[in-house]
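The values are calculated or read from the model by the stated rules, or taken from the named source; none is laboratory data. Bear in mind the structure is a predicted one, so any value in this text is a computation, not a measurement. Cβ coordinates were reconstructed from backbone atoms using ideal geometry, including for glycine residues, and neighbour counts include every protein chain displayed.
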Amino acid sequence: MSIVPTLSLPRIGERQLLFLAGALAAVALVVVAGDAWAANTDNTFQDIYDWFVSVLEGTGGKLAAVIAILVSIFASAVAIKFVGAGTVLGIVLFAAFGVTVINNIFTAVV
C-alpha cells in the first residue's frame, strides 16, 4: 500500500484533441490577424532576406545539394541501404525550388 498520492488525469480522445487543436488555431488566427495587416509596409528584414535568397539561389544551394549527395553516398555505402536517397532528393528539390515557393507563400495577396 502506497502513501504517496497519485494524480489521475482523464483520457482525451483523438477527436477531442483535434477539436482542441482546431479551436486553438482559430483563436491564434483571430489574435494575430490585426498584426498581419500592419506588416505589409515594413522593410526591417529586407536586407537579410535578400542576402538569404541570393545565397540559396546561388552557390549556397548548390553546395548544400552536393554535400547532401556526398553524405548520402557515404551513408549508403556504409549501411548498404538506399534510404538516404529520399533525403537527398528533398534537399536538392528545396535548393532548386524552395526559395521560389517560400517567397510566393509570403508575398501572396489574400
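Quick check, is S54 within 23 Å of the chain's Cα centre (by Cα), at pLDDT 80 or above and polar (S, T, N, Q)? Answer is yes for this residue.
Six or more apart or on different chains, Cβ under 6 Å: which pairs go from a residue in the range 76-90 that's in the same structural domain as L63 (by TED's automatic domain parsing) to one that's modelled with pLDDT of 70 or more and not basic (K, R)? Could you list them? What qualifies is F82/S76; G84/S72; G84/A75; G84/S76; V88/A68; V88/I69; V88/S72.
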